[in-house]
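Step one of this worksheet: look at the structure below.
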Amino acid sequence: MTTPQDISQAGKRAYENGQYAQAAALFLQARDAWKDNNAPLEAAEAANNASVSLLQAGEAQAALDVVQGTAAVFLRAGDLKRAGMAWGNAAAALEALERLDEALDAYRQSADLLKQAGETDLRLHVMQAISALQLRSGRQLEALASMQAGLDGVEKLSPKQRLLRRLLQIPLDWLNRRFS
């Protein structure tokens, strides 16, 4: 394993095999190698992969620490998709740390960037996370609205998603009639 690409590939294999701590170590090694090669986007991508691996390994604080600043790297390069994913990774780590308000803010940043990038499927996953957090916080109506907003942008809904959208519309229609 001499190149950053080789190290990253080894990290991906370790992750796929459920060896999350080893995967994180390899991704961090790849991040450092990319930095040495003056490749900030690749380094940021490796840091995000390390963050996901660390979160899977139960190391939420380390996952948050390693992902800090990567969204800004992607934004400077105009890569809205990866910036949105970086915010989503930070949000997941914050959620695992029970820093729910911060997690919600980070998920919203992620959703906004993914919407701008036209990544409706990825945005749907983020909106589901927002909705789940809102439910945990006792904000059921906001959770319904968030889930509906996530489904609205998706062009080809699966049968399950179409059913969910119809079910979500029932309480929203009821509220609209009640307060109109």
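Looking for something farther than 21 Å from Y107 by Cβ, in contact (Cβ under 8 Å) with a residue 24 or more places away in the chain and of a type in the set (K, R) - is there at least one such residue anywhere in segment 35-47? There is no residue in segment 35-47 that is farther than 21 Å from Y107 by Cβ, in contact (Cβ under 8 Å) with a residue 24 or more places away in the chain and of a type in the set (K, R). Can you tell me which of (1) more than 24 Å from L28 (Cβ to Cβ); (2) open to solvent by 10 Å² or more (accessible area, probe 1.4 Å) is the one L124 doesn't meet? Tallying (1) more than 24 Å from L28 (Cβ to Cβ); (2) open to solvent by 10 Å² or more (accessible area, probe 1.4 Å), L124 fails exactly one: (2).
Look through L144, L163, L124, L135 and report the one residue that is modelled with pLDDT under 95 and touching a Ser or Thr at 6+ places or on another chain (Cβ under 8 Å). Residue meeting the stated conditions: L144. In segment 42-49 there is no residue matching the filter, namely being touching an Asp or Glu at 6+ places or on another chain (Cβ under 9 Å) and open to solvent by 20 Å² or more (accessible area, probe 1.4 Å).
Scanning segment 98-121 for residues that are open to solvent by 20 Å² or more (accessible area, probe 1.4 Å) and polar (S, T, N, Q) turns up Q109, Q116, T120.
For the residues Q19, Q56, the requirement of being out of contact with any strand residue (DSSP E or B) (no Cβ under 7 Å at 6 or more places or on another chain) and over 24 Å from R123 (Cα atoms) singles out Q19. The condition (being in a helix (DSSP H, G or I) and either open to solvent by less than 40 Å² (accessible area, probe 1.4 Å) or closer than 18 Å to Q9 by Cα (or both)) is satisfied by just one residue among L55, L75, L64: L64.
The values are calculated or read from the model by the stated rules, or taken from the named source; none is laboratory data. Just so it is clear, the structure is predicted and the values come from calculations on it, not from any experiment. Reconstructed Cβ throughout: ideal geometry from the backbone, glycine too, with neighbour counts over all protein chains shown. The protein model used for the area step is the full one, side chains on, heavy atoms only, and it has no ligands, DNA or RNA in it. Shrake-Rupley method; radii C 1.70, N 1.55, O 1.52, S 1.80 Å.
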